[in-house]
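> The structure that follows is given in the form of structure tokens.
Throughout, read-outs are computed from the coordinates displayed, never taken from laboratory work. A quick note: this is a predicted structure, and the numbers were derived from the prediction, not measured. Every residue, glycine among them, receives a Cβ derived from its backbone with ideal geometry; neighbour counts consider all protein chains shown.
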Amino acid sequence: MPSEHMTNKENVMKKYIIAIAAIGFAGTAIAQELTDTDGSGAFSMEELMTAYPNITEDVFVLIDANGDGAVDADELTAAQDAGTLQ
Ligand SMILES: [Ca+2]
């Protein structure tokens with residue numbers, strides 16, 4: 001697994017965490033329908049945040065069972081069944 005890629009991903013994740021904090025200050029987050037915006041066949045953290053605005057990096061890592069940086073339909077279903085996502 002290329003460390004350079006992971007480092008970049010971590011930087012992106014930190015930006016998301018900042019965005020989550022901003023959403024928190026904005027007040028109530030309203031869940032929206034989950035959409036595979038870029039048509040990749042799996043959900044990125046950004047796409048998950050559309051439906052789950054309060055998602056954190058820790059939660060995303062938990063959901064991304066195979067660690068490929070995206071949540072596919074099976075991983076999403078498993079997370080919903082486990083109560084990780086509600
Ligand atoms: Ca995955």
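> Which order do the peptides 45-51, 80-86, 69-75 come out in when sorted by mean C-beta neighbours inside 10 angstrom, highest first?
Working: 45-51: 18.9, 80-86: 11.9, 69-75: 17.1.
So the peptides 45-51, 80-86, 69-75, ranked by packing, come out 45-51, 69-75, 80-86.
> Further question: With label points built 7 Å along Cα→Cβ from the Cα atoms of K14 and T50, find their separation and express it in nm.
My value for the distance between the label points is 2.7 nm.
> Counting other beta carbons within 10 Å of each residue's own, what order do F43, F60 fall into, fewest first?
Sorted ascending by nearby Cβ count, the order is F60, F43.
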